[in-house]
1. Please find, among T179, T174, T204, the residue that is within 26 Å of V8 (Cα to Cα) and of a type in the set (S, T, Y).
2. Could you pull out every one of the helices (runs of 4 or more DSSP H) wholly within segment 68-166 that has 1 or more residues that are under 23 Å from L58 (Cβ atoms) and without any contact (Cβ under 8 Å) to a residue 12 or more places away in the chain?
3. Can E195 be described as under 20 Å from H53 (Cα atoms), acidic (D, E), out of contact with any strand residue (DSSP E or B) (no Cβ under 7 Å at 6 or more places or on another chain) and surrounded by fewer than 16 Cβ atoms within 10 Å (Cβ to Cβ)?
4. From G226, G175, which residue is surrounded by fewer than 22 Cβ atoms within 10 Å (Cβ to Cβ), closer than 29 Å to F68 by Cβ, under 16 Å from the mean Cα position of the chain (by Cα) and not β-branched (V, I, T)?
5. Give the residue, chosen from A24, A39, that is in contact with a Leu (Cβ under 7 Å, 6 or more places away or on another chain), touching a residue at least 40 places away in the same chain (Cβ under 8 Å) and in a strand (DSSP E or B).
6. Could you tell me which of the residues A127, A210, A218, A170 is over 18 Å from the mean Cα position of the chain (by Cα) and not acidic (D, E)?
7. Before we move on, is R225 of a type in the set (K, R), in contact with a strand residue (DSSP E or B) (Cβ under 6 Å, 6 or more places away or on another chain) and not in a helix (DSSP H, G or I)?
Amino acid sequence: MTTPLVAVRDLEKTYDLGETQVHALRGVTLDVVRGEFVALTGPSGSGKSTFMHLLGCLDRPTSGDYLFDGRNVAQTEKRELARLRNASLGFVFQGFNLLARTTALENVELPLLYAGVRSVRERHARATEALRSVGLGDRLGHYPNQLSGGQQQRVAIARALVNNPKLLLADEPTGNLDTRTSIEVMGIFQRLNQEQGLTIVLVTHEHDIAQYGTRIVAFRDGRVRGDDRVDRRRTAASDLLRLPQDATEAA
């Protein structure tokens with residue numbers, strides 16, 4: 001039987017706030033198989049973002065096990081977690097998180113610098129290819145303030161892809177985008193998932209965005225309350241054709 005890329009068992013996360021304890025996760029058990037596109041949904045405070053942070057090795061669980069690609073990383077020391085994040089995980093955030101005084105190309109090259117790729121030519125070539133893969137081959141020298149919101153998010157996706165991650169984590173990636181641009185970004189994710197087999201876990205509070213995935217996991221009160229396959233998956237390419245022309249931003 002194939003080992004899941006992500007396997008969590010009885011995962012709990014408790015935050016101590018003075019005399020108060022907040023139980024963000026209460027015994028979550030979940031597998032993500034390679035090639036899945038999983039959307040995590042739920043209201044604010046449901047635990048979905050906390051779970052995302054644990055998957056991304058940005059925080060440690062209070063208890064429970066987290067196996068990534070067969071390796072238990074729940075209590076791995078910080079330096080090793082940093083190496084794992086850079087080598088195997090890609091991150092896309094709602095706020096883009098681009099460096100304002102750095103070109104698109106230089107933003108995408110950053111993970112390669114952290115990974116120890118010393119060759120300027122190799123960094124340039126890999127970052128260029130990543131930007132071309134998201135349709136920004138003609139924007140290499142542009143700064144974030146010269147790009148639309150959709151273009152900035154594409155730069156962020158290229159940056160997440162440049163180290164060829166095993167898992168792409170996207171936290172509300174369409175939260176700051178208009179309807180058309182949101183669908184275009186979801187189209188990039190669908191293409192990466194379908195054509196390259198990239199495993200994606202996405203957090204969203206929007207039900208229509210979740211339907212672009214292959215599976216929807218619903219969180220509430222720190223627990224998984226639903227886990228369903230998407231029977232009628234939305235297709236970004238089809239949705240764009242049906243969208244009114246005035247629902248647009250320069251993407």
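1. Working: T179 fails: within 26 Å of V8 (Cα to Cα); T174 fails: within 26 Å of V8 (Cα to Cα).
The unique qualifying residue is T204.
2. Details: elements: 78-88, 104-114, 120-133, 149-161.
So the answer is 78-88, 104-114.
3. On the way: under 20 Å from H53 (Cα atoms): no; acidic (D, E): yes; out of contact with any strand residue (DSSP E or B) (no Cβ under 7 Å at 6 or more places or on another chain): yes; surrounded by fewer than 16 Cβ atoms within 10 Å (Cβ to Cβ): yes.
No, not satisfied.
4. Working: G226 fails: under 16 Å from the mean Cα position of the chain (by Cα).
From the options G226, G175, the qualifying one is G175.
5. On the way: A24 fails: in contact with a Leu (Cβ under 7 Å, 6 or more places away or on another chain).
Result: A39 is the single residue among A24, A39 that is in contact with a Leu (Cβ under 7 Å, 6 or more places away or on another chain), touching a residue at least 40 places away in the same chain (Cβ under 8 Å) and in a strand (DSSP E or B).
6. On the way: A210 fails: over 18 Å from the mean Cα position of the chain (by Cα); A218 fails: over 18 Å from the mean Cα position of the chain (by Cα); A170 fails: over 18 Å from the mean Cα position of the chain (by Cα).
Result: A127 is the single residue among A127, A210, A218, A170 that is over 18 Å from the mean Cα position of the chain (by Cα) and not acidic (D, E).
7. Working: of a type in the set (K, R): yes; in contact with a strand residue (DSSP E or B) (Cβ under 6 Å, 6 or more places away or on another chain): yes; not in a helix (DSSP H, G or I): yes.
Judged against the criteria, R225 is a match.
Residue-wise test of (1) closer than 25 Å to E195 by Cβ; (2) surrounded by fewer than 17 Cβ atoms within 10 Å (Cβ to Cβ).
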{"residue": "T14", "(1), (2)": "no, yes"}
{"residue": "G35", "(1), (2)": "yes, yes"}
{"residue": "V38", "(1), (2)": "yes, no"}
{"residue": "L55", "(1), (2)": "yes, no"}
{"residue": "S63", "(1), (2)": "no, yes"}
{"residue": "R79", "(1), (2)": "no, yes"}
{"residue": "A87", "(1), (2)": "yes, yes"}
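Laboratory data are not the source of any read-out in this text; all were calculated from the coordinates shown. The model shown is predicted, which means the values in this text are computed figures rather than measured ones. With ideal geometry, Cβ positions are generated from the backbone for all residues, glycine too; neighbour counts draw on all protein chains shown.
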